[in-house]
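J.: A single structure is presented below for examination.
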Ligand SMILES: [Zn+2]
């Protein structure tokens, strides 16, 4: 990956007449130039695209952006939320997966998830992955740790809003629902701001035989953080995706010092910035461990269980 030129990455800019394959946007290291000498890389990093100037081309390039290697030419990897396993499997106590965080990081620099044995909440922001445990600690995730459920994307942020609070979670969800072009599509959501309170939960490490998630979250540790700055990271998914993922909002929080946080149950935002990233596809990777094929994934009230495990306070 990352070779140049790469046809599948070609974008289109009416302003500069750049179109078709063979546009040289796949350079490693940020010196890519399109056919007419437009510095494509600069168009992305300086944000000189708000008037639609090279916007489509810049979006295409941004979707293929890879923090470590510059640009990649894997079309499947761009424009998608990559998810390991399904929420329904997590409800049925499939708490061990085969995917490592090293592998997951190839698919995104931003997202949410958990760890094998349900050992805490994961939040990924700006390419840094953190493990938030029920004892309140937050530690960087090592590449060999594994996940039974995680969703990541390469976050670009194509819509931005200033948020003047106080606003609670319900108000922000309503604002977002009105902001997105369609609730039938997938979005990544990021809020950086100052919060007067954030209520989170963190699941605790489990031991076999595993209990279903509704039983585990009945005794979840809930924490209220007061007067702090931080980042909310997550996704908005359509109703029809319920069970495959979490329909509606699934948000995790980490504070600015990147030492505290959890799965968001509620908050009051004093003020901040909202960024929304529209993702074209949800890519689900089914675990290759023995637990997933053996799990009972039919016949349960998925919507009620997800409401109880992901949104309700104890
Ligand atoms: Zn969560």
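None of the figures in this text is laboratory data; all of them are computed from the coordinates on show. Remember, it's a predicted structure, so these values are computed and weren't measured experimentally. Cβ sites come from the backbone with ideal geometry, for glycine too, and all protein chains shown count toward neighbours.
J.: Based on the Cα coordinates of region 238-291, what is the per residue volume of their convex hull in Å³?
T.: Working: hull volume 9.0 nm³, N = 54.
Dividing the Cα hull volume of region 238-291 by its residues yields 167 Å³.
J.: To continue, here is another question. How far apart, in nm, are two points set 7 Å out from the Cα along the Cα-to-Cβ line at residue 226 and at residue 184?
T.: Those two pseudo-labels are separated by 4.7 nm.
J.: Next up: Quick one: which of 149-160, 215-226 comes out on top by average Cβ neighbours within 10 Å, and what's the full order, highest first? Write out the running numbers ahead of the final one.
T.: Numbers: 149-160: 22.2, 215-226: 14.6.
My ranking of the peptides, most packed first, is 149-160, 215-226.
J.: Over all distinct Cα pairs, what is the inverse of the mean 1/r for region 182-314, reported as the Kirkwood hydrodynamic radius in Å?
T.: 16.4
J.: Hey, can you rank 230-238, 99-107 by average C-beta count inside 10 Å, highest first? Please report the intermediate quantities before stating the final value.
T.: Values: 230-238: 23.4, 99-107: 19.1.
Taking the mean over residues of other Cβ atoms within 10 Å, the ranking is 230-238, 99-107.
J.: OK, next. How big is region 205-280 by Rg and Dmax over its Cα atoms, in Å?
T.: Considering region 205-280 through its Cα atoms, Rg and Dmax are 15.1, 44 Å.
J.: Also, I was wondering about something else. Extension gain residue 143-residue 103, at 0.36 nm per residue separation less the Cα-Cα distance, in nm?
T.: So the extension gain works out to 13.6 nm.
J.: What whole-number distance in Å separates the alpha-carbon centres of region 273-314 and region 178-212?
T.: So the separation of the two Cα centres works out to 11 Å.
J.: D for region 162-242, whole µm²/s, Stokes-Einstein with Kirkwood Rh over alpha-carbon pairs at 37 °C and 0.692 mPa s: what number?
T.: In µm²/s, the coefficient rounds to 214.
J.: Continuing with the same structure: Work the Kirkwood hydrodynamic radius out for region 272-314: mean of 1/r over every pair of different alpha-carbon atoms, inverted, in Å.
T.: Details: mean 1/r = 0.0696 Å⁻¹.
Radius from the Kirkwood sum: 14.4 Å.
J.: For a label point 7 angstrom out from the Cα of residue 307 toward its Cβ, which stretches of region 232-258 have the backbone nitrogen within less than 12 Å?
T.: What the label zone holds, given the 12 Å backbone N cut-off, is no residue at all.
J.: A further question follows. Obtain the radius of gyration and the Kirkwood radius of region 79-314 from its C-alpha atoms and give Rg over Rh.
T.: 0.93
J.: If eta is 1.567 mPa s and T is 4 °C, what Stokes-Einstein diffusion coefficient results for region 69-174, Kirkwood Rh from Cα pairs, in µm²/s?
T.: 85
J.: Also, I was wondering about something else. Over region 137-190, what number does the Rg to Rh ratio reach, with both radii from the alpha-carbon atoms and Rh per Kirkwood?
T.: Numbers: Rg = 15.4 Å, Rh = 14.5 Å.
Radius of gyration relative to Kirkwood radius: 1.06.
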